[in-house]
Each structure stands twice: as C-alpha cells, then as structure tokens.
Amino acid sequence: MATNITWHHNLTHEERSKIIGQPGATLWFTGLRASGKSTIACALERKLLEQKIQTYRLDGDNVRFGLNKDLGFSEADRNENIRRISEVAKLFADSCTIALTSFISPYKKDRDSARKLHEDANLPFIEVYVNVPLEVAEQRDPKGLYKKAREGLIKNFTGIDDPYEAPETPEIVLNTHEKSVEECADAIISYLKEKKIIA
Ligand code: ADP
C-alpha cells in the first residue's frame, strides 16, 4: 500500500466538460459470452465517432493482452480484472470520453462496485444488459468456446460451470435474439440523447 500520497487537483469535471463540450460517461456492457457485447459496442463506437463524439472501447479480451495480462479466470482474478477496468473506465469518463466496456462481468457485486466508483465521482454509469438465452449464445459460439467448455476443456466458464448474475435494474436491456445489432446500437444512442450525454 502506498502511503504519503495526496490527490493533485486541477480542473473540475464540470469545467473540463464545458471546454470539451460533452460530459463523458461509462457504458458498462454485461452479459454472457456471445450475447453480443463486443459486436454492439463496436457498432456503437463507430456510430459515435462518425458523429465526432469522443468514444473509446475497453474490450474484455483486448485488455487481457496488456493491462491485465497477469490475470486468469478464477473468481479473485475476475474481481481484480473488473476492479482495474472500473478504474480505467472512470478515468476515461472523467476525461469526458464515452467509455464502452464489454466484459462478461458476471458478479453483481463487481458491477455495483464499478457503479459506486463512478457515482462517488459524479460520473454517469450506464449498465447495459446484453441479454440472450444461453441456448442462443451456445448456438452462436463464434469462438467455439462453449463447445470446449461443454467438453470440459475450459473450466470456470460463465453459464456452464460458473454463474452469471443478471442485473436487476440495468439502465438499458438489449435482447439480442430479438433485435438487430443496428437496432441495439440505435437504442443506446436514443438513451444517451435523452439523458443529454450526447447532443
Ligand atoms: P460477446 O462480446 O458478448 O462475447 P460477441 O459480440 O463477440 O459477443 O459475439 C456475438 C455474436 O452474435 C457475433 O457473432 C454476432 O454477429 C452475433 N449476433 C447475432 N445477432 C446479434 C445481435 N442482435 N447483437 C449482437 N450480436 C449478434
């Protein structure tokens, strides 16, 4: 633990938002593997950037190549994975960027910690539940991982031998077995406009 450290202030978030012209936020995508988190976050990132809205996507697998390459998939490592992502997303949101995080984030308490971190700093936190029945996720299985998990080749696999705790009161629910990628991305954009996070 570091001691003898103090927080160094400069601009408030409000001052920064005024200068940049957008407040920033974290959109926290959660859902089973293959529910569509990355696909929708990518489509949304592109749409927002095309409108010149500063956006950055923190992707589950991508972050494990760098920042979190020392972490595995045990419960403790998943907690630490989410803790670090929460802190990084908060920094992006504080910089007035729209941070899109796409991680399974199966445990409610981890998502609640991420929310609290943002709320304590007065930064918008929007939980996006990317919902799909397990059977549909298994049929999609774009990386063949469900098949491997069913064969016992991958342990601690969410939905198979590890739980997924569905959000109880997410800001946005996207049923990806019923709506297209385009419709899901547009539903998020409507929400952001309604909340005045984007113009
Ligand atoms: P996750 O990031 O949740 O693991 P991915 O986005 O990597 O999921 O994979 C989702 C798969 O489901 C992709 O192959 C995508 O093309 C497909 N898919 C089908 N319909 C949808 C939809 N409505 N929204 C998102 N993905 C969809």
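Each value in this text was obtained by applying a stated rule to the coordinates, not by laboratory testing. Since the structure is predicted, the reported quantities are computational estimates derived from the model, not experimental observations. Please note: Cβ atoms are built from the backbone with ideal geometry, for glycine as well, and neighbour counts cover all protein chains shown.
What net charge do the residues around ILE20 carry, taking every other residue with its C-beta under 13 Å from that of ILE20, with Lys and Arg at +1 and Asp and Glu at -1?
Working: positive: ARG16, LYS18, LYS52; negative: GLU14, GLU15, ASP94.
Residues close to ILE20 contribute a combined charge of 0.
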Cα centroid distance between the range 120-179 and the range 1-79, in Å? 18
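With the Cα gyration tensor of the range 1-115 giving a ≥ b ≥ c as the square roots of its eigenvalues, does the rule (a/c under 1.5 for rounded; else a/b larger than b/c for prolate; else oblate) give rounded, prolate or oblate?
Values: a/c = 2.18, a/b = 1.12, b/c = 1.94.
Oblate, since a/c reaches 1.5 and b/c is not below a/b.
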Once phi is turned into ³J(HN,Hα) by the Karplus curve 6.51 cos²θ - 1.76 cosθ + 1.60 with θ = phi - 60°, what whole-Hz value does each residue of the range 67-79 show in order, with x for glycine and proline? 2, 10, 6, 8, 10, x, 10, 5, 4, 5, 5, 5, 4
Among THR158, SER180, VAL136, the residue whose Cα sits farthest towards the positive end of the charge dipole of the chain (+1 at Cβ of Lys and Arg, -1 at Cβ of Asp and Glu, taken about the Cα centre) is SER180
Measuring from label point to label point, each 7 Å out along Cα→Cβ, what is the LYS193 to ILE19 span in nm? 3.0
Cut-off 15 Å between beta-carbons: net charge of the residues surrounding ILE85, Lys and Arg +1, Asp and Glu -1: +2
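First check a/c for the chain, with a ≥ b ≥ c the square roots of the eigenvalues of its C-alpha gyration tensor; if it is under 1.5, answer rounded, and if not, answer prolate when a/b is larger than b/c or oblate otherwise.
On the way: a/c = 2.16, a/b = 1.31, b/c = 1.64.
In terms of gyration-tensor shape, oblate.
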Quick check on the exposure proxy: order PHE92, PHE29 from fewest to most C-beta atoms within 10 angstrom. PHE92, PHE29
Taking H as built 1.01 Å from N, whose amide H comes closer than 5 Å to the amide H of THR55, not counting residues under 5 places away? ILE98
What ranking of ILE85, ILE53, ILE19, ILE40 emerges when the number of other C-beta atoms within 10 Å of each C-beta is taken as an exposure proxy, fewest first? ILE19, ILE53, ILE85, ILE40
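Not counting the cut sites, what is the longest span of the chain without trypsin sites (Lys or Arg not before Pro) that DSSP labels loop and that have at most 15 other Cβ atoms within 10 Å?
On the way: sites that count: LYS52, LYS69, LYS143, LYS155, LYS179, LYS195, LYS196.
Between the exposed loop sites, the longest stretch runs 70-142.
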Let me have the relative contact order for the chain, percent, based on Cα pairs under 8 Å that are six or more residues apart. 31
In terms of the alpha carbon gyration tensor, root eigenvalues a ≥ b ≥ c, rounded if a/c is under 1.5 and otherwise prolate when a/b exceeds b/c or oblate, the range 1-62 is oblate
What is the dipole size for the range 139-192, taken about its Cα centre, with +1 at each Lys and Arg Cβ and -1 at each Asp and Glu Cβ, in debye to the nearest 20? 440
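Say a site is exposed when it is one of the GluC sites (Glu not before Pro), sits in a DSSP loop, and has at most 12 other Cβ atoms within 10 Å; what is then the longest site-free stretch of the chain? Intermediate values should be presented prior to the final figure.
On the way: sites that count: GLU151, GLU168, GLU178.
Here the longest run is 1-150.
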Restricting to Cα pairs below 8 Å that are 6+ residues apart, what does the relative contact order work out to for the range 82-123? Please round to a whole percent. 53
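Rank these for me by crowding, ASP70, ASP112, ASP186, going from fewest to most other beta carbons within 10 Å. Walk me through the numbers on the way to the answer.
On the way: ASP70 8, ASP112 12, ASP186 15.
Going from least to most buried by this count: ASP70, ASP112, ASP186.
Just how large is the dipole of the chain about the Cα centre, in debye to the nearest 20, putting +1 at every Lys and Arg Cβ and -1 at every Asp and Glu Cβ?
Details: 29 positive and 31 negative charges, 81 e Å.
I would put it at about 400 debye.
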Which one, SER190, HIS13, ILE53, is farthest towards the positive end of the dipole of the chain when Lys and Arg carry +1 and Asp and Glu -1 on their Cβ? ILE53
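For ASP77 and ILE5, what does the FRET efficiency come to when R0 = 30 Å and r is the distance between their Cβ atoms, rounded to the nearest 0.05?
Working: r = 26 Å, r/R0 = 0.86.
Plugging the Cβ-Cβ distance into 1/(1 + (r/R0)^6) gives 0.70.
Per DSSP helix of 4 or more residues, -39500 (n - 2.57); summed, then divided by the residues of the chain. What does that give at 222 nm, rounded to the nearest 500?
Working: 8 runs with 88 residues, N = 199.
Result for the chain: -13500 deg cm²/dmol, rounded to the nearest 500.
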